[in-house]
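Just below is one structure, and these are the notes that go with it.
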Amino acid sequence: MEEARVETRRRLLATLAGMAGAMLAAPLSLRAQVRFTPQPLPSPNAPQNQNVPGGLDGSGLAHQSKPGTINPLLWTEVKSDSDKLLQMATDFKSKVDQTNLAATLPLPLIKEAHEIEKMAKQIQSRMRS
């Protein structure tokens with residue numbers, strides 16, 4: 001009779017352990033079955049109409065001119081800067097021609113080449129805008 005009680009207790013403990021394991025595993029299996037896929041939200045800065053250029057609600061359209069036209073004030077600045085660039089490049093070339101090739105490259109020439117590059121980038125950025 002004592003063996004029957006021990007066997008019954010074992011079955012009861014095994015059943016309880018199995019039920020506890022099933023209860024713990026149920027939330028994990030439910031999470032695996034239900035997958036939430038996040039959907040991307042549209043950008044608030046994106047234009048609603050594809051014909052409108054980028055910007056907040058088409059802002060910045062008032063100062064834009066027709067495509068292909070050039071602002072005269074901008075063009076005079078580009079012309080004057082390009083004249084300066086030509087003068088800087090001509091001076092640079094004459095200094096390079098006078099430099100001794102056996103000597104090391106002087107630091108002022110490197111700085112002057114950097115200034116020429118900077119001026120060319122300024123002209124390029126003005127022409128893009």
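The values are calculated or read from the model by the stated rules, or taken from the named source; none is laboratory data. For clarity, every value in this text was computed on a predicted model and none was experimentally measured. Here Cβ is always computed from backbone atoms with ideal geometry, including for glycine, and neighbour counts include all displayed protein chains.
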Within the stretch 29-46, does at least one residue satisfy the condition of being surrounded by 10 or more Cβ atoms within 10 Å (Cβ to Cβ), modelled with pLDDT under 80 and among the charged types (D, E, K, R)?
yes
Mind listing just one residue for me: the one in the stretch 69-112 that is surrounded by 10 or more Cβ atoms within 10 Å (Cβ to Cβ) and acidic (Asp, Glu) and, of those, farthest from Ser129 (Cα to Cα)?
Asp91
With respect to Arg9, determine if the residue is surrounded by 10 or more Cβ atoms within 10 Å (Cβ to Cβ), part of a helix (DSSP H, G or I) and either modelled with pLDDT of 70 or more or not aromatic (Phe, Trp, Tyr) (or both).
yes
Test result for Glu115, touching a Lys or Arg at 6+ places or on another chain (Cβ under 7 Å) and either surrounded by 11 or more Cβ atoms within 10 Å (Cβ to Cβ) or modelled with pLDDT under 70 (or both):
no
